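**Student:** There's a structure below that I have some questions on.
The values are calculated or read from the model by the stated rules, or taken from the named source; none is laboratory data. Owing to the predicted nature of the structure, the values given are computational and were not obtained by experimental measurement. Quick reminder, even Gly has a Cβ in these numbers, built from the backbone with ideal geometry, and neighbours come from all protein chains shown. SASA here: full protein model, heavy atoms, side chains in, ligands and nucleic acids out. Shrake-Rupley method; radii C 1.70, N 1.55, O 1.52, S 1.80 Å.
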Amino acid sequence: MLAVVACAGWSAPVHAVENPVNPDESERPILPEEYASVSTELSGCFECHGVSGRPIEPAFPILSGQHFYYLYVQLKDFKAARRTSEIMQPMVDELSRDQMKLIAKYFSEQEWPGTGFKGDPALIAKGETATGAGQCVQCHRGAYDGDSRVPRLAGQTREYLFNTLSDFKHKARMNSPSKSSLMDSFDEADLEAMAEFLADL
Amino acid sequence: MSKSAWKKMLTGVFAIAGFLAVGAFTAAAQEVQGGTLYGNMQTVTQDMLNRAAGDGNNFLHTNGNYEQTRYYPARQINVDNVKNLRPAWIFQTEIVESQETTPIVVNGIMYITTSFNHVYALNAKTGAQIWHYKHKMGPITTYCCGPNNRGVAAYGDKVYMGTLDAKLVALDAKTGKLVWEKQIADPELGYSETMAPSAVNGKILIGTNGGEYGIRGFVKAYDWATGDLLWTFNTIPENSVGVWAENDATGRNMKRDIAAEKAALKKLGDPYKTLGGGVWQNPAVDLERKRVYFVVGNPSPDLDGSIRPGDNLYTDSLVAVDLDTGKYVCHFQYIAHDVWDLDAVSPPILTQVRDANGNMVDGLLHGGKTGHVYIHNRDDCSLIRFSEAMVPQEDMWVLPTKDGQRMLPGANGGVEWSPMTVDENLGLAYAINLHQPMTYHVESSPYPEGKLWLGGAFKVIPTEEQWGNITAVDYNTGKIRWKVKTPQPMIGGIMATAGGLVFTGEGNGLFKAYDSATGNVLWSFQAGAGVNAPPASYTVDGKQYIVVGAGGNVQLNYKRGNNIIAFALPD
């Protein structure tokens, strides 16, 4: 129930993604034995991040198909308060490193879901120019699908992308200082456009 | 090479030869040819490596030879007939991603690598695959600017590759099977490998990436047969402060606040543990002096000098070490306390140069990200001269600010990692250049434990035109002989041949041959993806080939592909 409470406590404005997925118990995956030690925790994750990979609200990121090492580092950062979130910190507080690795492994091995997002062409063009100026491909690669410690951005929910870019810019998210410096050099309209471009990929 | 190492190498050769002699070995069509009357043709001996500069059949080093001239001695393809050059074969790899490999060719067998550390052995005459090795990548990799790999080193009966998860692997050249692998450094701390190793005297030399991640750089030497570590040279000494140099190599003031740096040094101590200084391009080897010469990359964090007081030795430097021991011999620092990431990357070239008194001396050339070719005396690493700037330089050295300061060249430099080439008959060095205006932003932050640590940001100015050059520089005078503009910034590498040609490719897919004396374009081919890898050449059965990878580039986001294309003249 912790996760349900946590999701309800999310204060950011949210809009439903197309075809939202409810965490219906009947749809829950049967977890392989190796995840036995984190089955309760994974159930908590599904409450917000979705059972089938699509989060219940677009403010929550897609985790399914995200890279293992990126997910593991984020969990570690939440626990160490290098990345802050009223929702996530209580979720990870009691996790061991091995449990974090298992959770990261589970999501990294799932398929990346489609969101059905279709962006505005003019905004997309503006966003592509902005990501080019930021040389984002140097780390996130040409298809913005990331690798290892660099997250996939392509097809992530637009709202989460914008919130994240904005959090970097305004130092609400502090666990990647080079990202903060880069986002600080863009205005809000650029960040909106970048989110539009990346969500549409 | 040690006696025992030679013994092992020779034993291997004789064992295979003997095996063949009794007829117990049936070579499959797709296997590398083994022994002959003259020994095992796939065994790369030290003598072959030493003589590579005059070898018109093989291509044995990433940059052609130990001097790294990238000058190929065959002249079958030349200024008169290059217009007839056409693809002989195209090989498509499994990986559609940035392609920076230099094909290595040993007696008709070609070894190439791809992004994410695949290795292929191909029949160099037909392009047919012989074997394919796929590195089992660990879950943690940390790298900037693409999952690149620049090729193998060939030595004895093995080929060697560095991996993104910071390992050195040795493969059986005949089968592609893993012989041994060694963990070079911890990828979680920002170390990775993209450079091709170098092989010399029983040692496999390799540096490290990681200048954007707070590493402490090094060059290491491993035993070719066992993988045992023989020596390590740390590119960042425990005392990295230096002489508080106020001017760069060209004499321009770098606007350092020395008093503030001294105060920071007192407060913070020497920053050597996380000061960067990667070495990610091949060293040149001076066999006579028993030295290796390499260039060292930028200090970490790239843009924020406030927390790394001092000259940050030996970042942004040419360094020579003893081949046998790895001990320091000499260095020359181009930019002390760099806060622009305009470091030293393009591999150094050994050649004879005219010194300030007009005497020919053993020289060394380096194409700097500043846009100059630097000409050194190999004895003591000292600078003899520097060339005219090959790209626009504006507002050097304005200090980065939070809101960003425009300065040219941009942080990808005037010459990136792209190896240069020389034609010693013409006394010319050829470089490929970038013009990419950027703003430099600084923002201080503590080391984020293996995460990207730039100390700010570099930002391309999207409204300003970008372009590239191919530039021929007279290294005995520093004057530019000719320059050809290209529509996009250039990255990948260049090769000169005895046929009076230089070959290089562009991000738009064009691969071109230029007259090395004049810069006239004599031939071009549209490869369909960015040609951003260094070309190579070889000869099989009397036919000379030019070969290059066309897989695009991550750093400049040029169209990706997966082709290795070999060109030859019609029969």
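**Student:** May I ask which residue of A:A195, A:A130, A:L153 lies farthest towards the positive end of the charge dipole of the range A:121-200, with charges of +1 (Lys, Arg) and -1 (Asp, Glu) on Cβ and the Cα centre as origin?
**Tutor:** A:L153
**Student:** Still on this model: Let's see if you can work this out: charge +1 on each Lys and Arg Cβ, -1 on each Asp and Glu Cβ, no other charges. What is the dipole magnitude of the protein assembly as shown about its Cα centre, in debye to the nearest 20? Don't skip to the answer; put the middle values down first.
**Tutor:** On the way: 67 positive and 84 negative charges, 364 e Å.
Once rounded to the nearest 20, the dipole reads 1740 debye.
**Student:** Per DSSP H run of n ≥ 4, the term is -39500 (n - 2.57); total these for the protein assembly as shown, divide by its residue number, and report the mean residue ellipticity at 222 nm rounded to 500 deg cm²/dmol.
**Tutor:** Dividing the helical sum by the residues of the protein assembly as shown leaves -5000 deg cm²/dmol.
**Student:** Could you sort the residues of the range B:441-476 by number and keep only those whose accessible area is reduced by 50 Å² or more in the all-protein-chain setting relative to the chain alone, 1.4 Å probe?
**Tutor:** B:E443, B:K451, B:L452, B:K459
**Student:** log₁₀ I(q)/I(0) of the range A:31-108 at q = 0.18 Å⁻¹, via Debye over equal Cα point scatterers, no solvent, to two decimals?
**Tutor:** Those come out to -0.68, one per q.
**Student:** Can I ask one more? In whole Å, how far is the Cα centre of the range A:149-201 from that of the range A:81-127?
**Tutor:** If you average the Cα positions of each part, the centres end up 13 Å apart.
**Student:** Assign unit charges at the C-beta atoms only (+1 for Lys and Arg, -1 for Asp and Glu), then state the dipole size of the range A:104-201 relative to its Cα centre in Debye, rounded to the nearest 20.
**Tutor:** Charge dipole of the range A:104-201: 360 debye, to the nearest 20.
**Student:** Enter the mean number of other protein chain beta carbons within 10 Å of the beta carbon of each residue in B:500-513, as an integer.
**Tutor:** Mean partner-chain Cβ count within 10 Å for B:500-513: 0.
**Student:** Please turn the phi angles of the range B:43-53 into ³J(HN,Hα) values with the Karplus equation 6.51 cos²θ - 1.76 cosθ + 1.60 (θ = phi - 60°), one per residue in order, whole Hz, x for glycine and proline.
**Tutor:** Working through the residues one at a time gives 7, 9, 8, 4, 5, 4, 5, 4, 8, 4, 4 Hz.
**Student:** Tell me the angle of helix B:3-21 to the major Cα principal axis of chain B, expressed in degrees between 0 and 90 and rounded to the nearest ten.
**Tutor:** With both axes taken from Cα atoms, the answer is about 30 degrees.
**Student:** Further question on the same structure: What number comes out for accessible area per residue over chain B if the probe is 1.4 Å? Units Å², please.
**Tutor:** Per residue, chain B has an accessible area of 33 Å².
**Student:** Right, another one. Counting only heavy atoms of the protein chains, get the accessible area per residue of the range A:121-200 (1.4 Å probe) and round it to a whole Å² value.
**Tutor:** 32 Å²
**Student:** At 1.4 Å probe size, with the rest of the protein present, what percent of the exposed accessible area of the range A:31-108 is carbon and sulfur atoms? Could the numbers behind the result be given before it?
**Tutor:** Details: 1580 of 3120 Å².
Ligands and nucleic acids excluded, carbon and sulfur reach 51 percent.
**Student:** I need the shape label for chain B. Rule: rounded when a/c is under 1.5, else prolate if a/b > b/c, else oblate, with a, b, c from the alpha carbon gyration tensor.
**Tutor:** Prolate is the answer for chain B, as a/c is 1.5 or above and a/b outweighs b/c.
**Student:** Which longest uninterrupted range of chain A lacks any GluC sites (Glu not before Pro) assigned by DSSP to a loop state (not H, G, I, E or B) and surrounded by at most 10 other Cβ atoms within 10 Å?
**Tutor:** Of all site-free stretches, the longest is A:112-201.
**Student:** Which of rounded, prolate or oblate describes the range A:121-200 when judged by the alpha-carbon gyration tensor and an a/c cut-off of 1.5?
**Tutor:** Values: a/c = 1.42, a/b = 1.08, b/c = 1.31.
The shape class here is rounded.
**Student:** Let me ask something else about it. Return the whole-Å distance between the Cα centroid of the range B:530-571 and the Cα centroid of the range B:402-478.
**Tutor:** After rounding, the separation between the Cα centres reads 24 Å.
**Student:** Give me the inter-chain shielding for A:68-78: mean count of other chain Cβ atoms within 10 Å, whole number please. List each step's numbers first, then the result.
**Tutor:** Details: counts 2, 7, 0, 0, 2, 5, 0, 0, 1, 3, 0.
Per residue, the average neighbour count from other chains is 2.
**Student:** Towards the positive end of the charge dipole of the protein assembly as shown, with charges on Cβ (+1 Lys, Arg; -1 Asp, Glu), say which of A:S176, B:G549, B:A536 has the farthest Cα.
**Tutor:** Among A:S176, B:G549, B:A536, the one farthest towards the positive end of the dipole of the protein assembly as shown is B:A536.
**Student:** Leaving out ligands, DNA and RNA, what percent of the accessible area of the range A:121-200 is carbon and sulfur, probe 1.4 Å?
**Tutor:** Carbon-and-sulfur percentage of accessible area, whole number: 56.
**Student:** Output the DSSP H helices from chain A with an along-axis C-alpha extent of no less than 30 Å and a mean Kyte-Doolittle hydropathy no less than 0.0.
**Tutor:** none
**Student:** Also: So which cysteines in chain B don't have a second cysteine's C-beta under 4.7 Å from them?
**Tutor:** There are none, since every cysteine in chain B has another cysteine Cβ under 4.7 Å of its own.
**Student:** Just to be sure I understand the interface: list residues from the range A:142-189 that lose 20 Å² or more of accessible area between the chain on its own and the complete protein assembly, 1.4 Å probe.
**Tutor:** The answer is A:G142, A:D147, A:S148, A:R149, A:K171, A:N175, A:P177, A:S178, A:S181, A:L182, A:D184, A:S185 - residues whose exposure falls by at least 20 Å² when every protein chain is included.
**Student:** Same structure, new question: Using only Cα atoms, locate the centre of the range B:276-316 and the centre of the range B:200-258, then give the distance between them in Å, rounded to an integer.
**Tutor:** Taking the Cα centre of each part, the range B:276-316 and the range B:200-258 sit 4 Å apart.
**Student:** Charges at C-beta only: +1 for Lys and Arg, -1 for Asp and Glu. How large is the resulting dipole of chain B about its Cα centre, in Debye rounded to 20?
**Tutor:** Dipole about the Cα centre, nearest 20: 780 debye.
**Student:** For the range B:496-537, give the percent of accessible area contributed by carbon and sulfur heavy atoms, probe 1.4 Å, rounded to a whole number.
**Tutor:** Carbon with sulfur: 52 percent of the solvent-accessible area.
**Student:** Using a/c under 1.5 as the rounded threshold, could you call the protein assembly as shown rounded, prolate or oblate? The axes a ≥ b ≥ c are square roots of the C-alpha gyration tensor eigenvalues, and prolate needs a/b larger than b/c, oblate otherwise. It would help to have the intermediate numbers written out before the result.
**Tutor:** Working: a/c = 1.69, a/b = 1.36, b/c = 1.24.
It is prolate, given that a/c is not under 1.5 and a/b is the larger ratio.
**Student:** Does anyone have the angle between helix B:258-268 and the longest principal axis of chain B? Alpha-carbon axes, 0 to 90°, nearest 10?
**Tutor:** 70 degrees
**Student:** List the lysines whose Cα sits under 29 Å from the Cα of B:K543, skipping any in the same chain fewer than 8 residues away.
**Tutor:** B:K83, B:K125, B:K158, B:K174, B:K512
**Student:** I've got another one for you. Is there a pair in B:K182/B:K451; A:K79/A:K101; A:K179/B:K267 whose C-alpha atoms are over 20 Å apart, and which pairs would that be?
**Tutor:** B:K182/B:K451; A:K179/B:K267
**Student:** Taking a probe of 1.4 Å, how large is the accessible area per residue of the range A:31-108, in Å²? Mind showing how you got there, number by number?
**Tutor:** Working: 3120 Å² over 78 residues.
Heavy-atom SASA per residue in the range A:31-108 reads 40 Å².
**Student:** Same structure again: Using θ = phi - 60° and the Karplus form 6.51 cos²θ - 1.76 cosθ + 1.60, what ³J(HN,Hα) does each residue of the range B:88-103 get, whole Hz, x for Gly and Pro?
**Tutor:** Per-residue couplings from phi come out as 8, 7, 10, 10, 9, 7, 6, 10, 8, 6, 2, 10, 10, 6, 9, x Hz.
**Student:** Along the charge dipole of chain B, Cβ charges K/R +1 and D/E -1, which of B:V473, B:F116, B:Y272 sits furthest on the positive end?
**Tutor:** B:F116
**Student:** Right, here's the next one. At a probe of 1.4 Å, how much accessible area disappears from chains A and B on forming the pair, both sides counted, to the nearest 100 Å²? Present the calculation step by step, with values, prior to reporting the outcome.
**Tutor:** Values: alone 10250 and 19910 Å², together 27540 Å².
Buried area (both sides, nearest 100 Å²): 2600 Å².
**Student:** Quick query: amide H of B:C145 versus all other amide H atoms, modeled in the peptide plane; which residues come in under 5 Å with a sequence gap of 5 or more or a different chain?
**Tutor:** Under 5 Å from the amide H of B:C145: A:C139.
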